Structures are given as C-alpha cells and as structure tokens.
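To start, the structure under review is shown below, and the notes come after it.
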Amino acid sequence: MAACAATGAASVTVGATVGVTAAGTAGATGEPREASPPATPSVAPLATPPGAPLTTPPVVVPALSPAPARGVHAEAAHSVVRVRGFASACDRRLEATGFVYAPERVLLNAHAVGGVDRDLKVVLDDGRRFGASVVAFDPRADAAVVRVPGLRARPLPPARAVRTTAVIVGYRNGERSPIALPATVRANIPAETYDIYNRVPVWRRVHRFHGADIGKGMSGAPLLTGEGRVMGMVFAKDMNKAGIGYALAAGEFAPVATAGRKATRAVPHGHC
C-alpha cells in the first residue's frame, strides 16, 4: 500500500503493474498504457491521508555517496521549507514540506493544503515563520503554490535532465531541520491514479525511487540532482517495501507552478 507524505488517498497503477494511495495525484503525460492488476504493494501519503499500491522492477544504480548528498543538502536547505496549517472541517493540523521555486513562491502537494483554513505558515530551517496563502491549486495534479510575502530564500532551479541518482531534502516526522536522503531513481513511469479526492481517474508520469527512508511530513520534498536542481516532487511512499517512494515528474506540476508564479490572489483550495 502507498501512503502520502502529507495526507490524502488515491489509487495508482504504474507502468504495467502498480497501485498508490495518495492525498492527491495528477495526470501523466504520454499515452496511457494497459495495466494488468498488480500484486498490490502498499503506498501511503506523507502529509495528509491518501492510499494505494505500486510495483516496478528495481533499479540497480549507485546512489550519491553521503558527501555529495551533504553538499546538496547544504545548498538547498534554506530553500526547502516546512508548511504548516490547520483544517477546521476535519479538525486536523497539517505539516508538510515545500520548496521555493520562484520569488516568494513555494511549491508543494495539493493534498497538503486541501481544506486548510487557519494558520497557514511557511517555516524556514532557521526557525523564521511567514504567513502564506494558496494562489494556485490543482487537485488532479496534486500540486499547489503558496505565496509567501517577505520570503527571500533562493529559488531552486529546474533540472535540465532526469538523472538516475538523486537527493531528497525534506522535513521528516516533524523534525525542525531538513534531512538529505540519497536515492536511486527509475524515471518517468506512466501511472494511472486518481485526483486527491480519489474520484477522478488521471494519468501522470512519476519517478520511482529507492534507498531513501522518507516519512511523514516529506510530502512536497524536492527530488534533486547532484547539482541541486529539481527533477521531481515527493508525494507517496510504499508501505510494504522499505525505502521505496514516488515523486511527481516535473512536467506534472509545471502548469501549476507557472500559474502560481505571478498570482497574488488567494484561490479556493478544496476540502480535507
């Protein structure tokens, strides 16, 4: 079973056999593929609740060594943030990861902010807090943008190409400082899943990664190249196989990122 790094629940079929549960998911690019029913593993959300399974052949590629991973972490840490808020309708407090991608703009999963109506804050690695508002929200793509007036953190640049090794930087299990987790990647897997409310079927491309022990609070964490460039965004983990997780390919959240780059007005952002 798969779980979201924040919260949410949706079912996914990746490649020829996969299922994932997430608090939100997006449509994949490319032609949908026939998928035979897999022996469902369990994938879970990492921020707010989703749920579903995934299966693909393992990728035997060496991950970045600890030293380069620490270097990426040092460069990206101030640009990777905690996003916190409260959803009154379901009496639930949110805590997820996001990353700065444009001036005063943070990208994260839509399932992490769905229904949040109080105390939406962005917290830096040095403890500084900023008020935030949702200015772009797509429940099909499981992507959202929050505007953070006064935030001066450096935007993380997009990757020029997808790599087979990566570093995930995020806030795991409520920790106050981000951690860096090296991972190996199987990129651009076609996945059939649902929107963050588990209602509308959608296709998307995802990166399957392994070797990284992600946990709650890491929904929205960037999947970074060794140069610190963003090639994806974490949205779920496999609950049956340790160290396996899933990230949205950059093309899946690009339209939301573009829409939110200059947006200043708060938009409706669903329910929890």
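The values are calculated or read from the model by the stated rules, or taken from the named source; none is laboratory data. All figures in this text were calculated on a predicted structure; none of them were measured in a lab. Note: areas computed on protein heavy atoms with side chains; ligands, DNA, RNA excluded. Shrake-Rupley method; radii C 1.70, N 1.55, O 1.52, S 1.80 Å.
Worth a mention:
- Once backbone amide H atoms are built at 1.01 Å from N, L223 has M231, G232, M233, V234 as its partners under 5 Å, excluding neighbours fewer than 5 places away on the same chain.
- Expressed in Å, the radius of gyration and Dmax of the Cα atoms of the range 122-242 are 15.1, 42.
- Carbon + sulfur, % of accessible area of the range 119-262 - ligands and nucleic acids excluded, 1.4 Å: 48
- With DNA, RNA and ligands ignored, accessible area of D126 (1.4 Å probe; Å², nearest 10): 90
- By accessible area with a 1.4 Å probe, ligands and nucleic acids excluded, highest first: order of S219, S177: S177, S219
- Rounded if a/c under 1.5, otherwise prolate or oblate - the range 182-255, Cα gyration tensor axes: oblate
- Taking all protein chains together and rolling a 1.4 Å probe, Y197 ends up with roughly 50 Å² accessible.
- HN-Hα J in Hz across the range 262-272 - Karplus 6.51, -1.76, 1.60, θ = phi - 60°, x for Gly and Pro: 10, 5, 10, 8, 5, 10, x, 9, x, 10, 8
- Using heavy atoms of the protein chains and a probe of 1.4 Å, the accessible area assigned to K121 is about 80 Å².
- Averaged over its residues, the range 112-211 has an accessible area of 42 Å² per residue, based on protein heavy atoms and a 1.4 Å probe.
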